[in-house]
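Here is the structure we will look at.
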């Protein structure tokens, strides 16, 4: 048995926990990439220019793909943490 082998129970527990997160983030990224009015409206209301919506969606999707790919999952988790940290900072400074 490999030294870094993970039990099947742990593997599936991780997948079950990650599935809703990945689904939500993929949906959010696709809405931004498609430049739907709801994404543009929300982004501009927070003070960002409308042309950044697609770029933010692409960045989010790249981070998410890095998270889903097993070889780059740790880097992807770090990138998603940074991306969502920026989203949190935006919400904190938002006047709403």
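Each reported figure results from applying straightforward, stated rules to the coordinates on display, with no laboratory input. Everything quoted here is computed from the prediction, not taken from an experiment.
Odds and ends about this structure:
- Relative contact order, percent, the chain [alpha-carbon distance under 8 Å, six or more residues apart]: 21
- Separation of alpha-carbon centers, the stretch 1-53 and the stretch 56-96, rounded to whole Å: 8
- Estimated [θ] at 222 nm from DSSP helical runs (n ≥ 4, -39500 (n - 2.57)) normalised by residues in the chain, nearest 500: -26000 deg cm²/dmol
- One decimal place: the segment residue 69-residue 5 gains 21.3 nm when fully extended, by the rule 0.36 nm per residue minus the C-alpha distance.
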